[in-house]
Number of protein chains: 2
Amino acid sequence: MYYKHHIFFCLNQRPGGEDCCAQHRAQEAFDHCKSQVKAQGLAGKGQVRVNKAGCLDRCAGGPIAVVYPEGVWYSYVDKHDIDEIVESHLKNGVVVERLVTPPHLGR
Amino acid sequence: MYYKHHIFFCLNQRPGGEDCCAQHRAQEAFDHCKSQVKAQGLAGKGQVRVNKAGCLDRCAGGPIAVVYPEGVWYSYVDKHDIDEIVESHLKNGVVVERLVTPPHLGR
């Protein structure tokens, strides 16, 4: 596995003011996650990659991010949630259960 | 696993004419992959998702795409390569070895 944990944030911006992750401060969450991962020395090959993504098509659970190869989906609210994902999951490999997207939430 | 195969295409566009996947027809490959997956009835929950992504930071192997949860990275050239990835990997679960990104290729 090239990256131990590869997290993708939906940063999709829908036209015409339609609801989307971008309207729920997804860019800010992405930036925060990326800077935290870098600051903690977790970034790079064999470690963690924080990635921009288009629509992940689970909008009902948004704002949303997915961590691979585990395939763990998160619905986050604010920077504190991101901090917990970084510290627990990306650093220590422990899934943050309280933030996991409910399985029935899709498009 | 919400998606059986989740493929991410780097569509990153670097400023100032710097080399990047976007200069190697990544958008066209993404569009072709998405339409093929849809046309073959492979798209959706429990099946395949074709996703836009920002820089995957393996530019030396670009244009590039990664399939999760397997963590298989592909360096493709043209639509025929995409057709093979769709038919072999996304439809039948068989990795297209000739297109796998050499492990030493990173940033």
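The values are calculated or read from the model by the stated rules, or taken from the named source; none is laboratory data. Since we're looking at a predicted model, the values are computed, not measured. All Cβ positions, glycine included, derive from the backbone under ideal geometry; neighbour counts span all protein chains shown. When the accessible area is computed, the model is the full protein with side chains, heavy atoms only, and any ligands, DNA or RNA have been set aside. Shrake-Rupley method; radii C 1.70, N 1.55, O 1.52, S 1.80 Å.
Within region A:22-41, can you find the residues that are surrounded by 15 or more Cβ atoms within 10 Å (Cβ to Cβ), within 14 Å of chain B (Cβ to nearest Cβ) and more than 11 Å from the chain's Cα centre (by Cα)? Selection gives A:Ala22, A:Val37. Test A:Lys4 against the criterion of being under 21 Å from B:Phe8 (Cβ atoms), open to solvent by 30 Å² or more (accessible area, probe 1.4 Å) and in contact with a strand residue (DSSP E or B) (Cβ under 7 Å, 6 or more places away or on another chain), and give yes or no. Considered against the rule, which asks whether it is under 21 Å from B:Phe8 (Cβ atoms), open to solvent by 30 Å² or more (accessible area, probe 1.4 Å) and in contact with a strand residue (DSSP E or B) (Cβ under 7 Å, 6 or more places away or on another chain), A:Lys4 comes out as yes.
Within the set B:Val77, B:Val72, the sole residue that is of a type in the set (Val, Ile, Thr) and within 12 Å of chain A (Cβ to nearest Cβ) turns out to be B:Val72.
When region B:42-63 is filtered for residues that are assigned to a loop (DSSP other than H, G, I, E, B), within 13 Å of another protein chain (Cβ to nearest Cβ) and in contact (Cβ under 8 Å) with a residue 12 or more places away in the chain, the ones remaining, listed by number, are B:Lys45, B:Gly46, B:Gln47, B:Gly54, B:Cys55, B:Leu56, B:Asp57, B:Arg58.
Scanning region B:64-101 for residues being closer than 18 Å to B:His24 by Cα, open to solvent by 10 Å² or more (accessible area, probe 1.4 Å) and assigned to a loop (DSSP other than H, G, I, E, B) gives a total of 2. When B:Phe9 is tested against (1) within 10 Å of chain A (Cβ to nearest Cβ); (2) open to solvent by 60 Å² or more (accessible area, probe 1.4 Å), just one condition goes unmet, and that condition is (2). Taking the criterion of being out of contact with any Lys or Arg (no Cβ under 8 Å at 6 or more places or on another chain) and at the interface with chain B (Cβ under 10 Å from one of its Cβ atoms), the only residue of region A:80-103 that qualifies is A:Pro103.
Matching residues to (1) of a type in the set (Gly, Ala, Ser); (2) farther than 21 Å from A:His80 by Cβ; (3) in contact with a Ser or Thr (Cβ under 8 Å, 6 or more places away or on another chain):
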site: A:Asp19; (1), (2), (3): no, yes, no
site: A:Ala29; (1), (2), (3): yes, no, no
site: A:Lys34; (1), (2), (3): no, no, no
site: A:Val37; (1), (2), (3): no, no, no
site: A:Ala53; (1), (2), (3): yes, yes, no
site: A:Arg58; (1), (2), (3): no, yes, yes
site: A:Gly61; (1), (2), (3): yes, no, yes
site: A:Val66; (1), (2), (3): no, no, no
